[in-house]
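To start, the structure itself, in structure tokens.
The values are calculated or read from the model by the stated rules, or taken from the named source; none is laboratory data. This one's a predicted model, so the numbers in the text were calculated from it and none came from an experiment. Heads up, the Cβs are rebuilt from the backbone with ideal geometry, glycines too, and the neighbour counts pull from every protein chain shown. Keep in mind that these areas ignore ligands, DNA and RNA; they rest on the heavy atoms of the full protein, side chains included. Shrake-Rupley method; radii C 1.70, N 1.55, O 1.52, S 1.80 Å.
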Amino acid sequence: MEPVPVDEGGTLPGAPRRVTYALDGDGAWIAKARQLAAAFLTRARTEDGLPVSARAVEITQLVVSELVTNARKYAPGPVRLDLCITGDALEVMVRDGSGVLPVARVANPDRVGQHGLEIVMAVAHGLEVQPEPTGKRITARISLVETTGR
């Protein structure tokens with residue numbers, strides 16, 4: 001089953017470009033989510049003329065990969081990926097059905113795995129974790145023009 005675009009906006013001048021995908025069912029969602037995010041930013045650059053750096057696309061794909069991986073690994077039910085450009089930043093929101101809020105672990109180069117949230121915090125300009133009635137929402141904010149982390 002292909003990801004379903006639930007909502008897509010940004011067709012009016014000045015309106016934020018946004019899209020929502022439901023990532024449910026079986027499939028290679030992590031790779032697909034990265035592709036969807038890259039395509040979204042490419043459309044923003046080519047159709048809307050927004051300044052989207054190649055580095056911003058790479059960072060977005062990394063962030064999407066880490067957040068969707070965690071959602072698919074640790075949460076029950078469908079996962080929703082929301083992408084929204086406001087100003088010179090992209091908000092990557094991943095919603096899942098687990099009410100357990102993730103906590104970044106202390107950096108440990110000897111630990112194998114479980115570095116996803118550390119990675120996202122290192123490359124994003126902001127990270128917010130919010131409980132929702134049916135699970136949680138994790139939002140990472142990525143600059144479209146800067147090439148450094150927060």
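Restricting the stretch 42-61 to residues that are more than 18 Å from H125 (Cβ to Cβ) and not polar (S, T, N, Q), which is surrounded by the fewest Cβ atoms within 10 Å (Cβ to Cβ)? Per the stated criteria, the residue is G49.
So that you can scan it fast, the table gives a plain yes or no per residue for (1) out of contact with any helix residue (DSSP H, G or I) (no Cβ under 9 Å at 6 or more places or on another chain); (2) open to solvent by less than 50 Å² (accessible area, probe 1.4 Å):
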position: F40; (1), (2): no, yes
position: V63; (1), (2): no, yes
position: T69; (1), (2): no, yes
position: R72; (1), (2): no, no
position: L81; (1), (2): no, yes
position: V103; (1), (2): no, no
position: D110; (1), (2): yes, no
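From the residues in the stretch 84-101 that are touching a helix residue (DSSP H, G or I) at 6+ places or on another chain (Cβ under 9 Å), of a type outside the set (A, V, I, L, M) and assigned to a loop (DSSP other than H, G, I, E, B), which one is most open to solvent (accessible area, probe 1.4 Å)? Ranking the qualifying residues of the stretch 84-101, first place goes to G97. For the stretch 36-83, enumerate the residues that are closer than 23 Å to G97 by Cα and either free of Cβ contacts under 8 Å to residues at least 24 places away in the same chain or not in a helix (DSSP H, G or I) (or both). Within the stretch 36-83, K73, A75, P76, G77, P78, V79, R80, L81, D82, L83 qualify.
Selection within the stretch 112-150: residues that are at pLDDT below 85 and exposed (fewer than 11 other Cβ atoms within 10 Å of the Cβ). The member of this set that is farthest from the chain's Cα centre (by Cα) is V112.
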